[in-house]
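For reference, the structure is listed below as structure tokens.
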Amino acid sequence: MAKMKIAILTGGGDAPGLNAVIYSLTRSCLRNLDCELIGYKFGYRGLYFNDHVPLDEKATSGILHRGGTILCSSNKDNLFSYSLEEDGKMVKKDVSDVAIENMKKEGVDVLVVLGGDGTLTSARDFARRGVNVIGVPKTIDNDLMSTEQTFGFDSAVNIVTENLGRLHTTTESHHRVMVVEVMGRSAGWIALQSGIAGSADVILIPEIPYDLKKVVEKIKERDSREKFFTIIVVTEGAREKGGSAIVGKVVEDSPDPIRFGGIAAKIAIDLEKHVSHEVRSCALGHIQRGGDTSAFDRVLSVRYGVAAYELIAEGKFGNMVCLKDGKMNYVSLEDVIGGGSKLVDPNGELVRVAKNLGIVFGD
Ligand code: F6P
């Protein structure tokens, strides 16, 4: 009998832990199944152009700890609505047939897709078209409903926390206010967890629209206690009460075309009108996705990889592996998509904890 052929692709923005999943999935499949593996390059684009590389022990050696993805990624290239030039004009077309044909020619039996919302939506659509798909949940934003934690999130929180420590010393030295913008789109998880861990004074998240007056009050209250500096962490998608989030850029062809950006700079300008301190802003940007994967994410990712292998071994296709009650589990791709994003509960435990520490949310 022919060997089973398993293909892996990584789609969407990269996140620390992708390589650890590739590592554990490749190794557990090679150890336990009569199979060979390939990796499509640049996410779904690789499926369209049939661009792939072999994945074996050698190709995956030494990658477990490394951020990024050896398969490269793309957060464009939705093959169900793909931008193509036809007769000198750009048109959108469903080219999923080309991808399915390519997989058939290549003899691919199973496609494992590592990605967030957008990437997993296409994974579901390929499953609907009869492809044996397994999903693995990735995003530093931690905003996927169907799993308790995505890999990449813990690494991002650690990076932000470390940088808040660095910003503390310079901010305190100049008696300034520092507004630090972090990723997360419309979910405040990174700001909330790193803000608590990094001793922020103010945390502004999309789930709790802020009133600038409350932030000013906090700065003045700190001044009155001779704490002449203030650290504010803000999620890129946060907004003032009655206002809207700041769109930095629109990326055509991306399943999530809106890129937020600029809220920290705006808050800094707004605040300087009301406080005696100099106010600076700092957007941490893609630093949050770079470098090595945290120990927690390495372990979580290898668990996800082995759980994906187990689904393949049991022939349970059309599912995404997930973390449920702290244990590996799986959920139908049909149920992963469409349920909205997992957002911070403004009345939840973590917000209450932060408020009890004196952290202000601007509400
Ligand atoms: O979803 C992950 C994420 O890092 C978001 O937090 C951020 O808004 C976005 O991706 C940035 O995307 P890009 O890498 O395209 O700039």
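The values are calculated or read from the model by the stated rules, or taken from the named source; none is laboratory data. Predicted, not measured: the structure shown is a model, and the values here were computed from it. In this analysis, Cβ positions are derived from the backbone assuming ideal geometry, glycine residues included, and neighbour counts consider all displayed protein chains. What goes into the accessible areas is simple: the full protein's heavy atoms, side chains included, and nothing from ligands, DNA or RNA. Shrake-Rupley method; radii C 1.70, N 1.55, O 1.52, S 1.80 Å.
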List the strands (runs of 3 or more DSSP E) that sit entirely inside region 239-341 and contain at least 2 residues that are more than 16 Å from the ligand (Cβ to nearest atom) and of a type outside the set (Gly, Ala, Ser). 279-283, 319-324, 327-332
Quick check: anything in region 268-279 in contact (Cβ under 8 Å) with a residue 24 or more places away in the chain and under 25 Å from the mean Cα position of the chain (by Cα)? no
Being open to solvent by less than 40 Å² (accessible area, probe 1.4 Å) and among the acidic types (Asp, Glu) is the filter here, so list the residues in region 293-346 that pass it. ASP297
Those residues that are open to solvent by 40 Å² or more (accessible area, probe 1.4 Å) and either without any contact (Cβ under 8 Å) to a residue 24 or more places away in the chain or outside any loop (DSSP other than H, G, I, E, B) (or both), I need them from region 41-56; list them, please. ARG45, TYR48, PHE49, ASP51, HIS52, VAL53, PRO54
Residues satisfying the stated conditions in region 57-69, i.e. more than 16 Å from the ligand (Cβ to nearest atom) and either without any contact (Cβ under 8 Å) to a residue 24 or more places away in the chain or in contact with a helix residue (DSSP H, G or I) (Cβ under 6 Å, 6 or more places away or on another chain) (or both): LYS58, THR60, SER61, GLY62, ILE63, LEU64, ARG66
Counting only residues in region 11-40 that are within 16 Å of the ligand (Cβ to nearest atom) and assigned to a loop (DSSP other than H, G, I, E, B), the one most open to solvent (accessible area, probe 1.4 Å) is identified as ASP14
Could you list all residues from region 124-147 that are away from the ligand (no atom under 16 Å from the Cβ) and of a type in the set (A, V, I, L, M)? ALA127, VAL131, VAL133, ILE134
Every listed condition ((1) outside any loop (DSSP other than H, G, I, E, B); (2) modelled with pLDDT of 95 or more) holds for THR60 save (1)
Has region 211-227 got at least one residue that is within 16 Å of the ligand (Cβ to nearest atom), surrounded by fewer than 21 Cβ atoms within 10 Å (Cβ to Cβ), among the small types (Gly, Ala, Ser) and modelled with pLDDT of 95 or more? no
Hey, can you tell me all the residues within region 280-312 that are closer than 22 Å to SER146 by Cβ and among the acidic types (Asp, Glu)? ASP297, GLU310
If I ask for residues that are over 15 Å from GLU310 (Cα atoms) and open to solvent by 40 Å² or more (accessible area, probe 1.4 Å), which ones from region 1-10 would you list? MET1, ALA2, LYS3
State the number of residues belonging to region 146-192 that are among the hydrophobic types (A, V, I, L, M, F, W, C) and either assigned to a helix (DSSP H, G or I) or open to solvent by 40 Å² or more (accessible area, probe 1.4 Å) (or both). 11
Residue count for region 228-246, restricted to those that are closer than 17 Å to ASP141 by Cα, without any contact (Cβ under 8 Å) to a residue 60 or more places away in the chain and either in contact with a Leu (Cβ under 8 Å, 6 or more places away or on another chain) or surrounded by fewer than 15 Cβ atoms within 10 Å (Cβ to Cβ) (or both): 3
With the requirement that a residue be farther than 24 Å from GLU252 by Cβ and assigned to a helix (DSSP H, G or I), what does region 86-136 give you? ILE100, GLU101, ASN102, MET103, LYS104, LYS105, GLU106, ALA127, ARG128
